[in-house]
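Only the coordinates and a few stated rules stand behind these numbers; no lab work does. In this text, all values refer to a predicted model and were calculated from it rather than measured experimentally. Positions of Cβ are backbone-derived with ideal geometry, glycine not excepted, and every protein chain shown enters the neighbour counts.
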Amino acid sequence: MNKKRCDHCHLEYEASLLIEDAHFNPPKFFCCKGCQGIYHLLQDEGLDNFYEKMGENTLEPPKTHLEESARFDLDGFVSKYVKQTKEGLSEISLIIEGIHCSACVWLNEKVLSKQAGVVEVSINYSNHKAKIVWDDSIIKLSRIIETIRSIGYNAYPYDPKGGEERANAQRREYYSKLLVGVFATMNVMWIAIAQYAGYFTGMQSNIKNILNFAEFVLATPTLFYTGSVYFKGAYYGLKNRYITMDFLVATGATLTYIFSLYAMFSKNAEVYFDSVTMIVTFVFAGKYLEVLSKKKAVDILDAYGSSLPTEVVVIKGEEKILERVESVAIGDVIEVKAGDKIVIDGIITQGEGSFDLSHLSGESEPVLLGKGDKLLSGSLCLDSLIRYEARTTFSSSMLTRLVALLEDALSKKPHIEKFANQLSGYFSSTILFLALCTWVFWYVQEGSFEKALIVAISVIVIACPCALSLATPVATLVGLGLAAKRGILFKEAGFLESMAKCDTLILDKTGTITKGKPDVVEMKAFKPVDFSLMYALANASNHPISQGVVRFIKESGESLHVKTLQQVKSLEAKGLSAMCEGHLLMGGNAKMMQEAGIEIVLEERFETLSHYFFAIDGVLVAIFGLKDGVKEGAKASIDALKALGLDVIMLSGDHESVTQAIAKEVEISQFKAGLLPDEKASYIDVLRKKGKRVVMAGDGINDTLALSQSEIAIAMGSGADIAVEVSDIILTNDSMKSLHDAFVIARMSLKVIKENLAFSLLYNVVTIPLAMSGHVIPLFAALSMSLSSLVVVGNSMRIKNVLKRL
């Protein structure tokens, strides 16, 4: 019978069953396509020296054959999970299974980044979500999945429901492993008490041998079952030439176990099986609690995208048709009933009802919406039956955009987190070197191999960089989760850090400080007014002043006729002009009229109001005076922002008297009026050149330039799409209180991150010398290391209570 070994896994098979690969000279033989694929990958990556290190050991062939990954390239899968970027690249969010430390993140990012065609890889340690951008013409998604599997991990497309199932499965697995560890530890402690009592009072050797063997029986499953996660992490880290936190735990526990085996059989030294059991159990308990804490924080974020209906009822003629949300087009009429969640933005055309907007605004109070009101995806219909007209597609709806923003925020790391990850990578190698030096010193000093080994193991175990690795991501995740719950969406996690360092806040007046819905309180007509012409021109603009005039005309009861506008021109920050029925229509502010040579004279009653002038063929026909009320709680929020040490400045395109009146009402001493968009941007640019770190909050198209010039741009969620697009943070509930909350959360998050890093570094500065000097046994080293990780996680959870103290 002719048998031959597979050139990857080294297992023996019938030669006739093996796959011959003639790409190599001499040819290589493989038991399956999986082994063949991994062999090629290691060759391509220059990691073929792996087989030299492997020696005569054997591997398990891959459980999942690489052909199965082809499903990731199917059209159905791509249409559901893969997005196209503006640059024409492909993007997907994956859950990487098997990540349990920052080194795992580093390993996956490094190996994937080396693949030709992969443009961006960013993996979030807290929720194991990977954002991958690639060029589909160079590399297929299936190849990316194969690469992830080849280094010992697995990948699934991200979706909240599937993620929940996998998280629950991981919790159950961790829980069963923890139970084994706890059971063994509780029993080994009783045996250890008997051992120590016998050490001082004397014990027969046969009794001692029985107790040693009992400890061995308890320590073995703890090390190899409960501690299996550390061996796996250490193996893949070493395979890719990286010293991980798992390697430190596995090394410390294994060395203690091997020495204890030697002591048990030689009877020349004391056994430390109790330390093995406790090291693994205490460290694993810390990891289990860490998993629970991270999942709880992630749940807040996943709630945005979970439980969305996949189909809606579309009205076509007299028929009601159930259609997939992806198939709904702009203009389709959708019907929703009590208990339905809105998944596509639109305008209500029939009926009225109460809606829960808590997912969008953070406010639990229901809102009554009726015909003509805007309906945003993410709202929940609480009562009645309504119909509304879709104004967006599913992919461009508010909720879809918010979910995408949250995913991007989690996938992008703050600068301080990147620094911590780099530090923990070098840290592990340094600790191994210090442990080796410690062993040499104690062996030379005491001449005792046992003493030197136990002290060295204590150094390895006590210095695990878990706390350092957790210092930033857990605090960042809790901060993002709390902000999302309050209707504050950070587009990147790094903006938490940037915002916390800012010292100047620029506020736009209309829509930010004021309600953004000015109402006509005065009107003067100089000639007979054709309200249909005026309505058509004003309705062509989304500016709050124009929309205020539109509401006034509609409520006036005048008979309106449809007018078709031609040659519509928008004059930046001034108004609109258009041709209609052979007449030149102009509607806008005083600057527009003056530039057109139209003389205007304002009566005293109009001086403190915002103005809208309407002219036909160069002749002023009417003037409207509008007043915009200050948002509820705006003054209190501005006072609170000042109390944080911020310089608050108001910029407005409105005229001086109106701007001054609003500034006086909310007690802002610094303000600028009559500014064009480019003048607002220049003002911010001057502040930044003076060394100020500027946050700008606005909501309109005219704020876009200023927003792009600021360090952090904040858009009100009801604002213009382009303002939302260029912003870094979105306030979905348009509240000034949310602006204050955003600063508080950002500053608290950065403060906690710095506390965590300081604690982690201080902990190591204090404990490592203690361990090297022989004052800490492995048992207490494991306990203190686990406690350090829990202190970091517990400290991060304080962020959740920061707004309760206000």
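The label point for Leu179 and the one for Leu261, both projected 7 Å from the Cα toward the Cβ, are 2.8 nm apart.
Taking a sphere under 11 Å around the Cβ of Ala742 and counting the other residues whose Cβ falls inside, with K and R at +1 and D and E at -1, yields a net charge of +1. Taking 0.36 nm per residue of separation and subtracting the Cα-Cα distance, full extension of the segment from Asp639 to Val217 would add 145.3 nm. The label point for Ser395 and the one for Phe77, both projected 7 Å from the Cα toward the Cβ, are 2.0 nm apart. Between Asn542 and Leu368, the contour length at 0.36 nm per residue exceeds the alpha carbon distance by 60.3 nm.
Which links in Lys341/Lys501; Lys627/Lys804; Lys316/Lys341; Lys83/Lys737 stretch past 30 Å when you go from one Cα to the other? Listed pairs above 30 Å: Lys341/Lys501; Lys627/Lys804; Lys83/Lys737.
Applying 1/(1 + (r/R0)^6) with r as the Cβ-Cβ distance of Gln43 and Glu87 and R0 = 45 angstrom yields a FRET efficiency of 0.90.
If R0 equals 35 Å, the separation of the Cβ atoms of Ser228 and Ser327 corresponds to a calculated FRET efficiency of about 0.15. Extension gain, Lys692 to Val444, is 83.4 nm, computed as 0.36 nm per intervening residue step minus the present C-alpha separation.
Using the Cβ-Cβ distance between Arg172 and Glu311 with R0 set to 25 Å, the FRET efficiency from 1/(1 + (r/R0)^6) comes to roughly 0.20.
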